[in-house]
Every structure is written in C-alpha cells, then in structure tokens.
1. Select from region 171-205 the residues that are in contact with a strand residue (DSSP E or B) (Cβ under 9 Å, 6 or more places away or on another chain) and assigned to a loop (DSSP other than H, G, I, E, B) and write down the one among them that is nearest to residue 149 (Cα to Cα).
2. Would you check if there is a residue in region 26-38 being surrounded by 13 or more Cβ atoms within 10 Å (Cβ to Cβ), over 20 Å from residue 94 (Cα atoms), assigned by TED's automatic domain parsing to the domain that holds residue 96 and in contact with a strand residue (DSSP E or B) (Cβ under 9 Å, 6 or more places away or on another chain)?
3. Give region 291-301 a look and list any residue that's surrounded by 20 or more Cβ atoms within 10 Å (Cβ to Cβ) and either at positive phi or at pLDDT 90 or above (or both), or say none.
4. Among the residues of region 323-351, count how many are closer than 14 Å to residue 119 by Cα and surrounded by 16 or more Cβ atoms within 10 Å (Cβ to Cβ).
5. Among the residues of region 126-137, write down those that are at negative phi and at pLDDT below 90.
6. Going by the structure shown, is residue 141 closer than 17 Å to residue 208 by Cα and part of a loop (DSSP other than H, G, I, E, B)?
7. Scan 107, 154, 129 and give me the residue that is touching a helix residue (DSSP H, G or I) at 6+ places or on another chain (Cβ under 9 Å), surrounded by 24 or more Cβ atoms within 10 Å (Cβ to Cβ) and under 30 Å from residue 68 (Cβ atoms).
8. Residues that are in contact with a helix residue (DSSP H, G or I) (Cβ under 8 Å, 6 or more places away or on another chain), farther than 20 Å from residue 325 by Cα and at pLDDT 95 or above: does region 138-149 have at least one?
C-alpha cells in the first residue's frame, strides 16, 4: 500500500500500522511501499525516511508495487482527484478521508471503481472515528432511510458552546478556536457550513440512492449567531447548533444545513466540541443513533485503518448503498416545504407601534406568532424576541424578506428554525 498525505492523519495511520497489536488480531498485514506529501523535509511525528518517496502522488498511485492507495491529501480537485482516479483506473483499491472529493466527485469515482472491480472506501470522510458510513451502507442495507439529522462539524460545535458558556462574541471565540487548533487559518468552510454540507451530501447519497450536488443543499453558516441568541435560546430551554438534515418530502429530497434551536434534552443539543451525533430514522428498525469523535488525528486514522482491514479481507459490493449505475437524480427542492416553528430576534427602534408593525408584517405573509418578549438595549433600541407557530420554509422566507424592509426594524436580525422537540 502507498500513502499520499503525511499530515496529522497520515502520521497517525503510520503509527497504527507500526503497532502489530492493533491490527494483528484481524489476521491481516500491511506493507507501506511508498509515501508522498507536499514537503519531503517537513518535521513529522513519525519518521518516514525508511519508505520510498514519491514527489508525484499520481505516479505513486500507478506504481505496480502497491495494491492499495490511501489518499489523505485533501481537496476536491488537483492531485487528490487525479491520484485517486489513476489508482481506480489501474484497478487498485482506494481508501480516503477526503469528504470534499467524495461529495463532489463520488458518483464519477464510484463508476470508475465499479467498472474496474476496485474498492473505494471513505469511512473517515464523515464522522471520523464514528462508523456512520458503514452503518448506513451495510447495517441499514435492507431498510429505507426516511430522515437523517446530525451535528457534523466540531469547529462550529466548539464555537457555539464557548459563546454560550462565556458570552463572548463570535469573532473572539473563533480566534480562540484558531489558537487551539480547532479552526483553520481560513475557517470559512467550517463556519460557513460547507464542511457539514459535504458530509450531508455523502450521507444523502447513501440514504436516498441519489447523486447529491452541493447546490442541492440549502446551506447557512453560524457567522450570524450572537451570544444574545444563545442566551435567548437558553431561556427557551434550548441550545443553538449547526444542524444538518436530510429527509424525503413527497418524492423530493429536502437537504438543509443551518443554525437551529434544539431542545436541551435532545442528544443533538448535548454534542460538545469535536463530538458528532447522527440520528437516522429508517423503516423496519425505526430510530438508530451514532455518537463519537468527528475529528482528531487518531480517530480519523482509526477509521482509515478500519477501511484498510475491510479491503484486505476482500471488500466487495458497490461504493454507495446501490451500484453507481442505479443512482438517481432526485428532485432536491423539498426544503421549501419543510415545516418548522421559527425563532426571531429583531432590533427595533423604540417607537409606538413597532411591535404591532412586526406582527402585522408576519401575519400578512402567513406566519403566526406564538410567543413574544422584548428587552431594552443600551443603544436605545428594543430587542424583540419572537417564536412562531410552525409554517412552511417558503412561507417564512417571504415573511423574513418583508421584515428586512419594515420601517421599525433597526438592523440585521436573527432568524433560525426550531427543531421539533417531539422529534429531536
């Protein structure tokens, strides 16, 4: 086998492979025939001098001395895509932790793999050490999945938890997350919800036998969540999380990643730091859940190693739950018909009739108010907090757009769905 990418996960995998006690009980063995990374001379936690070095990962992917290619470089395109494609075309098994690669090119790569009789495994791409991919593809193989809900991004989890416990603003907590190594120097993929959307695309493809594009997923990040929102949610007995959901509405997919209020009693709300939580509803078995570390070098390396064991034991079957040629292209417009209650926190000019104006605007667009509270702010505005009765997402979107132009509204406001407490 050869390994492309020698960052924390790649070095963690080498440590696992060098410990015979861990994998020996599986009755399989591995020999590393080559390694590749961007910088040959970088300092690493594991020495790599004893392995054959390749400057070009594509050349290594084609090398006849290795029958398995492990891709840990990251990135949806460029060397990662080229090397994985080359390995599959050569009939080699591929193991990857690259969520972006599978989310954006999974269908194409699955067709190449299956045409060449090659395994393509990606357990570590979603949930790191939490075996949700295996659970969906194999454990629920005889079931029809109806809904997936999950907390899929540890960076957002850390930020929202810290904001809630300290009252610090988003920017300050993000800087702390970067200092601690929980967030990248460019955190936009995490805080913008893109990382979670990549993972949801993979899960939905497995669950619904449909190729999923990122354009199919309604995606909103956590940048607009404030410490005031977290405090108001706590008063309502809820927490705020970046929630990813995939469900079928009629014959259409509804795919959404966005901040949402979730009852504090839900396992989704209790997820902290890098922990990932998945709730899956399927016919025959009902509800199943997966909880575990969604990040970390050794947790991710352990998932990669588990895929290697599966390959060594003769992995068979399609890349996703169904053969690639049977993947559909389901209509992904169902998100507009999702029904939720909503939370609003609106800054208002402190003037007569302001509250009535907001309530009238909502009512005119078919949104019914359930609960209202207001607090005076130091800047002379009034912070109006509203929860609504359940309504269609499309209905709420029109009301929200109208509110942004309402005269009493003093600036940007918060608007998040409330997850159904009886469900989650």
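1. Ranking the candidates gives 193 first.
2. no
3. Those that are surrounded by 20 or more Cβ atoms within 10 Å (Cβ to Cβ) and either at positive phi or at pLDDT 90 or above (or both): 300, 301.
4. Taking region 323-351 as the starting set, the residues that turn out to be closer than 14 Å to residue 119 by Cα are 323-324.
With surrounded by 16 or more Cβ atoms within 10 Å (Cβ to Cβ) added as a condition, the list becomes 324.
Residues flagged as closer than 14 Å to residue 119 by Cα and surrounded by 16 or more Cβ atoms within 10 Å (Cβ to Cβ) within region 323-351 amount to 1.
5. Keep residues of region 126-137 that are at negative phi, which gives 126, 129-137.
129 - this is the single residue of region 126-137 that is at negative phi and at pLDDT below 90.
6. On the way: closer than 17 Å to residue 208 by Cα: yes; part of a loop (DSSP other than H, G, I, E, B): yes.
Judged against the criteria, residue 141 is a match.
7. Numbers: 107 fails: surrounded by 24 or more Cβ atoms within 10 Å (Cβ to Cβ); 129 fails: surrounded by 24 or more Cβ atoms within 10 Å (Cβ to Cβ).
Result: 154 is the single residue among 107, 154, 129 that is touching a helix residue (DSSP H, G or I) at 6+ places or on another chain (Cβ under 9 Å), surrounded by 24 or more Cβ atoms within 10 Å (Cβ to Cβ) and under 30 Å from residue 68 (Cβ atoms).
8. yes
The values are calculated or read from the model by the stated rules, or taken from the named source; none is laboratory data. Just so it is clear, the structure is predicted and the values come from calculations on it, not from any experiment. Cβ coordinates were reconstructed from backbone atoms using ideal geometry, including for glycine residues, and neighbour counts include every protein chain displayed.
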